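See below for the structure under consideration.
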Amino acid sequence: MPNRRKIIAVCGCSLFEQNYFNMIKEINDLGLKNGFISMCFSFSIEYDLNVDFLETNAPKMEDIAKGRPLDTRNEYHLLWLLRQLDICCIVVTPTDYINQYVIDEIKKISVEKSIPLYFVDREAEDANCIFLRYGDGFEQMVRHVIEYHGARKVNMLAGFKGNSFSEERIDVYKKVLADNGIEFEEDRLAYGNFWDRPARVAMEKFLSAEDGLPDAIICANDGMALTACDVLEKRGYKVPDDVIVTGFDGISMAKFHDPILATCEPDFTEVANLVMNDLIHLYSPGVKDKLSYADFNSGRYEIGFKSVPNESCGCKSTKEQGWNDKVSILSSELNDCSWHNHEMSVMVLKFLKCDDLNYIADMLPATMKLWNDRMKFIGVRKELLEDKEPSGDMGRMVQLMYNKGGELQAPVLHKGENLEYDATEVIPGFYDYLSQDDLDMELFNVRVLFANNTVYGYSIDGFQNPISRDLQRGDEFADFLSVAINLIINNRKVNSLNQSLMKISEENEFMAVHDYLTGIYNRRGFLMKVNEMVNNRDNIGKYISYYSIDMDGLKFINDNYGHGEGDFAIIAMARALSAYIGLSGICARYGGDEFAAVVISDGDEAVDGAEVRNRINELILNVDGVHAKNYEISASVGISTYEILGVVNLEDLIRIADERMYEDKAKRKKNRI
């Protein structure tokens, strides 16, 4: 569509951090005025992988080039989504957390789509590189302290010893000292390693010096400057009355500190102007078609820093700062963090015992209060709703939530109203939306939903009048939702495992009292059941008949036809015996060729063993396959009957039945001879 806004993709980690967000907002605000809109792709710091690991463990990257996303790393699914979108440009924010494979893939995407690629503060071939002039920026602040405020005893808190950024700032510090006729003193330089604890140790060294307090402490970053202020305050010194303190890089906390920190910030307006000027020219009618990829991906640019003098150097007073407004902003953000994380924790707690993803779809409308002034889209892989482990392509997706402008589209999954779509669409109808004259969203943020290297889907946030906290909230929600989905999947696995264990337990219990070959009771189970029958009060006054049954010729069958045929004969005997006893009693295989049965009856009618034997032998002939055998399957039977009047002597009952069975066997054997 010719009037559709073009998408600028901004890639990085922790894009909600103030400096990164400032750059994104500058690019986006300028882009909105010129027919562009920005979409942020937030990679996860937790899954930063070193190159050595990736070289031996990374999936094959050509799979992505062929449009097959990988399911082993969340970064690659995010790259796959980036590939699906019709983007016009990629900007990569300054970060050390994106691994080299991701950088290489971003470059491939740029080549495939033939679009400009900008790396901020990173050297890269076949791309536009925008470098920050750290040295020039730091020099502004050092000169401000020495030449404007007249400080002569100037200490410096550097970063890591040997670190290029730190060493460059040390050289600048020495240069400005020399330019102003101040001799460099080794004791006035200490290494705070860019963070709190080493900076505190260095500050204690400064404060214990014999020549007293310095006029100023210049720090290589804002974090160490905030630590320096804290140490001085705890020692009873005031900043800037007793000691001037300055920082460098312009983090958000510097603005809320008391005193507000004097610092230097990257001039991201320069970045936005540079990128936008390039894009406006490139996408002018007929321009891009005449250019090669190298023509719009070979720029080398430098941007400066803006010096921001403030309270900690004595340039502004508290009255000028509008502290009420600053406190109100900070309080609002802190309250929002607390409230939002509480709501997300409550959400996760609801899933602790849940094993059905349908519950998420039912629950999500309750989160409307979190997103009523923006867009939130959540798509999950269809396999998750089919109780399958997601693998391979992020293909068919199910829309779990689409809240846009307060209008909620949420599926009722358990009623079959799942809103399916293909992952290549990213958001169904998205391009139609971008073609509208008046967009109600100004910035988008994409996050992959994942846990334990398994990607479940993705979330996309749309913002109106965005602030950095908005991006952070989107990341928090994606993380919490990932945990919730992971909980449900793990619960599903645990429940499935429990069911399997219960089945195994039931099978073990069954096998403990049943014969493994025939399925009828074994000796243990049989005797337990007989004891129950004898001790059942309802059976007092009734008669118990015990059947002792022994197969004829099992050894002959095993020796002449094999043990497989012997097993067949045993099974045939068990089936015939079960058919004869039916529901009136129970039967068992004691082992080998020995069987037994018990029947409870109301009367004491004598049961003829020969009649029982003949009936069992007839039933044997009804078993499938018996007629095809070249051997006979038969049994000898002995029966004894007692009245149940109290204690039944089972041993006597069994002994008498066994004696009669052996008599039957001997008698039949004699007749055969």
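The values are calculated or read from the model by the stated rules, or taken from the named source; none is laboratory data. Since the structure is predicted, the reported quantities are computational estimates derived from the model, not experimental observations. Virtual Cβ from ideal backbone geometry, glycine too; neighbours counted across all protein chains shown. Just so you know, the surface numbers come from the protein's heavy atoms only, side chains and all, with ligands and any DNA or RNA stripped out. Shrake-Rupley method; radii C 1.70, N 1.55, O 1.52, S 1.80 Å.
Screening Ile571 on (1) in contact with a strand residue (DSSP E or B) (Cβ under 6 Å, 6 or more places away or on another chain); (2) touching a residue at least 24 places away in the same chain (Cβ under 8 Å) shows it passes everything except condition (1).
Within region 181-215, being within 18 Å of Ile170 (Cβ to Cβ), free of Cβ contacts under 8 Å to residues at least 24 places away in the same chain and not in a helix (DSSP H, G or I) holds for Glu183, Phe184, Glu185.
Just to be sure, is Asn445 touching a strand residue (DSSP E or B) at 6+ places or on another chain (Cβ under 7 Å) and buried (at least 18 other Cβ atoms within 10 Å of the Cβ)? Walk me through how you get there before you give the answer.
Numbers: touching a strand residue (DSSP E or B) at 6+ places or on another chain (Cβ under 7 Å): yes; buried (at least 18 other Cβ atoms within 10 Å of the Cβ): yes.
Yes.
Please find, within region 84-123, the residue that is farthest from Gly429 (Cα to Cα) out of those that are under 22 Å from the mean Cα position of the chain (by Cα) and assigned to a helix (DSSP H, G or I). Applying the filter and picking the extreme gives Tyr101.
Check Gln436, Gln464 and return the single one that is within 20 Å of Phe36 (Cα to Cα) and either open to solvent by less than 10 Å² (accessible area, probe 1.4 Å) or touching a residue at least 12 places away in the same chain (Cβ under 8 Å) (or both). Working first, answer last.
Details: Gln436 fails: either open to solvent by less than 10 Å² (accessible area, probe 1.4 Å) or touching a residue at least 12 places away in the same chain (Cβ under 8 Å) (or both).
Within the list Gln436, Gln464, the selection yields Gln464.
Take Ile218 and tell me if it is outside any loop (DSSP other than H, G, I, E, B), of a type outside the set (Asp, Glu) and surrounded by 13 or more Cβ atoms within 10 Å (Cβ to Cβ). Judged against the criteria, Ile218 is a match.
The residues in region 452-475 that are under 18 Å from Asn341 (Cβ atoms) and in a strand (DSSP E or B) can be counted, and the count is 2.
Residue-wise test of (1) at pLDDT below 75; (2) hydrophobic (A, V, I, L, M, F, W, C).
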residue	(1), (2)
His342	yes, no
Asn358	yes, no
Met368	yes, yes
Asp373	yes, no
Arg381	no, no
Val398	no, yes
Asn403	no, no
Gly416	yes, no
Leu439	no, yes
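Having 1 or more residues that are within 22 Å of Leu650 (Cα to Cα) and out of contact with any Lys or Arg (no Cβ under 7 Å at 6 or more places or on another chain) is the bar; report the helices (runs of 4 or more DSSP H) wholly within region 503-595 that clear it. It would help to see each step written out before you state the result.
Working: elements: 523-535, 554-561, 563-581.
Ranges flagged: 523-535, 563-581.
Looking at this structure, is Ile130 within 30 Å of Asp278 (Cβ to Cβ), in contact with a helix residue (DSSP H, G or I) (Cβ under 7 Å, 6 or more places away or on another chain) and surrounded by 13 or more Cβ atoms within 10 Å (Cβ to Cβ)? Please lay out each step first, then the result.
Details: within 30 Å of Asp278 (Cβ to Cβ): yes; in contact with a helix residue (DSSP H, G or I) (Cβ under 7 Å, 6 or more places away or on another chain): yes; surrounded by 13 or more Cβ atoms within 10 Å (Cβ to Cβ): yes.
In short, yes.
Here's the yes/no breakdown for (1) open to solvent by 50 Å² or more (accessible area, probe 1.4 Å); (2) at pLDDT 95 or above:
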{"residue": "Arg524", "(1), (2)": "yes, no"}
{"residue": "Met528", "(1), (2)": "yes, no"}
{"residue": "Met533", "(1), (2)": "no, no"}
{"residue": "Asn536", "(1), (2)": "yes, no"}
{"residue": "Gly541", "(1), (2)": "no, no"}
{"residue": "Phe568", "(1), (2)": "yes, yes"}
{"residue": "Ile571", "(1), (2)": "no, yes"}
{"residue": "Ala574", "(1), (2)": "no, yes"}
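Residues in region 150-180 that are part of a loop (DSSP other than H, G, I, E, B) and either surrounded by 15 or more Cβ atoms within 10 Å (Cβ to Cβ) or in contact with a helix residue (DSSP H, G or I) (Cβ under 7 Å, 6 or more places away or on another chain) (or both): 6 in all. Remark: pairs (first residue in region 160-180, farther than 19 Å from Ala202 by Cα; second residue part of a helix (DSSP H, G or I) and open to solvent by 80 Å² or more (accessible area, probe 1.4 Å); Cβ separation under 7 Å; 6+ apart in sequence or on different chains) = Asn180/Glu147.
Please work out if Glu632 is open to solvent by 60 Å² or more (accessible area, probe 1.4 Å) and not in a helix (DSSP H, G or I).
On the way: open to solvent by 60 Å² or more (accessible area, probe 1.4 Å): yes; not in a helix (DSSP H, G or I): yes.
Yes.
Met1 meets the conditions (1) open to solvent by 60 Å² or more (accessible area, probe 1.4 Å); (2) over 26 Å from Lys376 (Cβ atoms); (3) at pLDDT below 95 in every case but one. The failed one is (2).
Here Thr227 passes the criteria (1) hydroxyl-bearing (Ser, Thr, Tyr); (2) open to solvent by 60 Å² or more (accessible area, probe 1.4 Å); (3) part of a helix (DSSP H, G or I) except the one numbered (2).
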